[in-house]
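Once you've had a glance at the structure underneath, I'll fire off some questions.
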Amino acid sequence: MSETILRVTNLQKRFGDLHVLRGIDFAVEPGERIAIIGGSGSGKSTLLRCLNFMESPTSGTIELDGKTLGRPVRGNPDDRLYPEGELCAVRERVGMVFQQFNLFPHMTVLENVMEGLVTVKKMKKQEARECALKELQKVGLADKVDAYPGRLSGGQQQRVAIARALAMMPEILLFDEPTSSLDPELVGEVLRVIRALADEGRTMLLVTHELGFAYHYATKVIFLADGVFHEVGTPDEVLKHPKQERTRAFLSRFTEFSF
Amino acid sequence: MNYHFDFALILQSLPVLLRGLLVTIQLWVPSIAAGLALGLLLALCRLSKTPFIRVPSLLYIELFRDTPVLIQLIWFFYAFPIIVGVQLSPFIAALLGLSLNTSAYSAEIFRGGIQSIAAGQWEGAKALGMRPTAVLRRVILPQVFKRMLPAFTNRAIEVAKMSSLASVLSVHELMYQGRLLSSTYYRPLEILTTVALIYFLMIYPGSYLSMKLERRMASNS
């Protein structure tokens, strides 16, 4: 029997008048690989960003290992307060890879990967270096350790970002459109790295437009539209045999120009 | 023009002028250091979401930027003691005025620098579990320093030149000594040219180094 790592209950997010997430409920089991798909503005990135509190949820709860995060605000049970220390601890356990990589340009590749280990995990420099080297080797960048991110291709930068997230040994990895800002010929090298992580049985959530990748490597696919889960199922169910008209319309736009 | 340039007088005045230079440096370096440290603090206050913190720092910055430095120095010497009841030495009054003035300007440089760093840098660091102070110290500020080095250098040069205003408070710095000597010997051409040259020699190496450093850092990224 698997235990739920992450449980989201009635998650809502508003940006002013814009109601982006309108009540999301789901749970993540260990080893699950969930692909979140949907049109632009559907709320898929916002959902992912709420899970490690890059965005603060407007209401609803997030449980990590059965513990509900934050504490309710007195007088307003819907609203929760999230102390910075708790969020830092959560982010250590829920790693994130961004669309724009967000590497630190003033640090070398190796220093980028070591940073979290030294400042957050308080590792000794030497130990952090070994750890970082191991992760960089894994993503095939052992020969670039002394380069600055600005000298790398987009694909290489994203692989460094993945190594940086992995080095923190997160229990869950969030990928926010990791290949969307890459030139088409660089997408493959990043997806191969993510696939290798899938093969290791890592728990991950992936917001993506790479439907082929989602089909082959996700254990579950979620189609998000207008801030709610429109359709959830196995890749085969959602991507090959969608029940909802809206899902079919979305998928057909991807196949429009295929041959 | 058959002016006889008196080089001997320059040599003779040099020890006094160099003593003045020492005082100028004693005004310059500490007021830059204090101004930068206080400026960073002010910039963080200025960026705070809490109005109680943000508004006073904004007022402070504007007050010092929108009044002449000369009045600030004179005010600290003549007016400030009336409020606090303690007479400041001319040197301390000048140091205080220059430091606070520098802090207001460097606060704006820091603020501009911090705001110019892409939000993704904060996010990338926060996503690793780094606390805001660590993000600032390890990720944001090093980039701000680098990006703002030309602006900080300009400020440092300005302060070096502004320090000559301390002469009106009779601080025995370079300008004061120069004016004293030139009126003693009635030889403004020799003395004041030498004073200007000393200022140049004091400031230029810093400006040159900063240019070099800027270039080296640019080639790293």
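The values are calculated or read from the model by the stated rules, or taken from the named source; none is laboratory data. The structure presented is a predicted model; accordingly, all values stated were derived computationally and were not measured. Please note: Cβ atoms are built from the backbone with ideal geometry, for glycine as well, and neighbour counts cover all protein chains shown. Just the protein is used for accessible areas: all its heavy atoms, side chains included, with ligands, DNA and RNA removed. Shrake-Rupley method; radii C 1.70, N 1.55, O 1.52, S 1.80 Å.
Would you pick out the residues in segment A:1-12 that are modelled with pLDDT of 95 or more and charged (D, E, K, R)?
A:R7
Something else about it: Just one of A:L18, A:L47 is more than 14 Å from chain B (Cβ to nearest Cβ), open to solvent by 60 Å² or more (accessible area, probe 1.4 Å) and among the aliphatic types (A, V, I, L, M); which is it? It would help to see each step written out before you state the result.
Details: A:L47 fails: open to solvent by 60 Å² or more (accessible area, probe 1.4 Å).
Exactly one of A:L18, A:L47 is more than 14 Å from chain B (Cβ to nearest Cβ), open to solvent by 60 Å² or more (accessible area, probe 1.4 Å) and among the aliphatic types (A, V, I, L, M), namely A:L18.
Restrict the check to segment A:68-84 and report whether at least one residue is within 28 Å of A:E29 (Cβ to Cβ), open to solvent by less than 40 Å² (accessible area, probe 1.4 Å) and within 13 Å of another protein chain (Cβ to nearest Cβ). It would help to see each step written out before you state the result.
First, the residues of segment A:68-84 that are within 28 Å of A:E29 (Cβ to Cβ): A:68-72, A:78, A:80, A:82-83.
If we keep only those that are open to solvent by less than 40 Å² (accessible area, probe 1.4 Å) as well, we get A:69-70, A:82.
Right, trim to within 13 Å of another protein chain (Cβ to nearest Cβ) and you get A:82.
So far as segment A:68-84 goes, yes, one or more of its residues are within 28 Å of A:E29 (Cβ to Cβ), open to solvent by less than 40 Å² (accessible area, probe 1.4 Å) and within 13 Å of another protein chain (Cβ to nearest Cβ).
Also, I was wondering about something else. Would you check which residues across segment A:89-100 are at the interface with chain B (Cβ under 8 Å from one of its Cβ atoms), in contact (Cβ under 8 Å) with a residue 40 or more places away in the chain and open to solvent by less than 20 Å² (accessible area, probe 1.4 Å) and list them?
Those that are at the interface with chain B (Cβ under 8 Å from one of its Cβ atoms), in contact (Cβ under 8 Å) with a residue 40 or more places away in the chain and open to solvent by less than 20 Å² (accessible area, probe 1.4 Å): A:G95, A:M96, A:F98.
Filter segment B:181-198 down to residues that are touching a residue at least 24 places away in the same chain (Cβ under 8 Å) and open to solvent by 50 Å² or more (accessible area, probe 1.4 Å) and give me whichever is nearest to B:W28 (Cα to Cα).
First, the residues of segment B:181-198 that are touching a residue at least 24 places away in the same chain (Cβ under 8 Å): B:181, B:185, B:187, B:189-191, B:194-195, B:198.
After this cut, where a residue has to be open to solvent by 50 Å² or more (accessible area, probe 1.4 Å) as well, the list is B:185, B:187, B:189.
Values: B:Y185: 28, B:R187: 27, B:L189: 25 Å.
Step by step, filter segment B:181-198, then rank; the result is B:L189.
Yes or no, residue by residue, for (1) of a type outside the set (F, W, Y); (2) open to solvent by 10 Å² or more (accessible area, probe 1.4 Å); (3) away from chain A (no Cβ under 14 Å):
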{"site": "B:A119", "(1), (2), (3)": "yes, yes, no"}
{"site": "B:A134", "(1), (2), (3)": "yes, yes, no"}
{"site": "B:V139", "(1), (2), (3)": "yes, no, no"}
{"site": "B:L149", "(1), (2), (3)": "yes, yes, no"}
{"site": "B:N154", "(1), (2), (3)": "yes, yes, yes"}
{"site": "B:S163", "(1), (2), (3)": "yes, no, yes"}
{"site": "B:A166", "(1), (2), (3)": "yes, no, yes"}
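Right, another one. Is it true that A:V221 is of a type in the set (A, V, I, L, M), open to solvent by 50 Å² or more (accessible area, probe 1.4 Å), within 27 Å of A:G23 (Cα to Cα) and in contact (Cβ under 8 Å) with a residue 24 or more places away in the chain?
Numbers: of a type in the set (A, V, I, L, M): yes; open to solvent by 50 Å² or more (accessible area, probe 1.4 Å): no; within 27 Å of A:G23 (Cα to Cα): yes; in contact (Cβ under 8 Å) with a residue 24 or more places away in the chain: yes.
Against the criterion (of a type in the set (A, V, I, L, M), open to solvent by 50 Å² or more (accessible area, probe 1.4 Å), within 27 Å of A:G23 (Cα to Cα) and in contact (Cβ under 8 Å) with a residue 24 or more places away in the chain), A:V221 does not qualify.
A:G201 is checked against (1) assigned to a loop (DSSP other than H, G, I, E, B); (2) under 22 Å from A:T108 (Cβ atoms) and fails just one. What number does that condition carry?
(2)
When A:Y148 is evaluated against the numbered criteria (1) without any contact (Cβ under 8 Å) to a residue 12 or more places away in the chain; (2) in contact with a helix residue (DSSP H, G or I) (Cβ under 7 Å, 6 or more places away or on another chain); (3) within 9 Å of chain B (Cβ to nearest Cβ); (4) open to solvent by 40 Å² or more (accessible area, probe 1.4 Å), which criterion, by number, is the only one it fails?
Here A:Y148 meets the rest and fails (1).
Here is a follow-up. Mind checking whether some residue in segment B:69-85 is surrounded by 16 or more Cβ atoms within 10 Å (Cβ to Cβ) and over 22 Å from the mean Cα position of the chain (by Cα)?
no
Take the conditions within 14 Å of another protein chain (Cβ to nearest Cβ) and within 30 Å of A:E29 (Cα to Cα) and apply them to A:F53. Does it pass? Walk me through it before giving the result.
Numbers: within 14 Å of another protein chain (Cβ to nearest Cβ): yes; within 30 Å of A:E29 (Cα to Cα): yes.
Taking the combined requirement at face value, the residue satisfies it.
A follow-up question, please. Give me a count of the residues in segment B:97-117 that are open to solvent by less than 60 Å² (accessible area, probe 1.4 Å) and touching a Leu at 6+ places or on another chain (Cβ under 8 Å). It would help to see each step written out before you state the result.
Initial filter on segment B:97-117 (open to solvent by less than 60 Å² (accessible area, probe 1.4 Å)): B:97-104, B:106-114, B:116-117.
If we keep only those that are touching a Leu at 6+ places or on another chain (Cβ under 8 Å) as well, we get B:97-100, B:102-104, B:106-107, B:110-111, B:114.
The qualifying residues number 12.
Looking at segment A:171-187 only, could you name the residues that are over 15 Å from A:I34 (Cβ atoms) and touching a residue at least 12 places away in the same chain (Cβ under 8 Å)?
Of all residues in segment A:171-187, those over 15 Å from A:I34 (Cβ atoms) come to A:179-187.
Hits for segment A:171-187 are A:T179, A:S180, A:S181, A:L182, A:D183, A:L186, A:V187.
Any residue at all in segment A:179-196 that is in contact with a strand residue (DSSP E or B) (Cβ under 6 Å, 6 or more places away or on another chain) and open to solvent by less than 60 Å² (accessible area, probe 1.4 Å)?
Step one: list which residues in segment A:179-196 are in contact with a strand residue (DSSP E or B) (Cβ under 6 Å, 6 or more places away or on another chain), which gives none.
No, segment A:179-196 has no match at all.
A further question on this structure: Can you find a residue in segment A:110-125 that is of a type in the set (G, A, S), touching a residue at least 40 places away in the same chain (Cβ under 8 Å) and over 12 Å from B:L128 (Cβ atoms)? Please lay out each step first, then the result.
In the first step, residues of segment A:110-125 are kept if they are of a type in the set (G, A, S); the result is A:116.
From what's left, touching a residue at least 40 places away in the same chain (Cβ under 8 Å): A:116.
If we keep only those that are over 12 Å from B:L128 (Cβ atoms) as well, we get none.
There is no residue in segment A:110-125 that is of a type in the set (G, A, S), touching a residue at least 40 places away in the same chain (Cβ under 8 Å) and over 12 Å from B:L128 (Cβ atoms).
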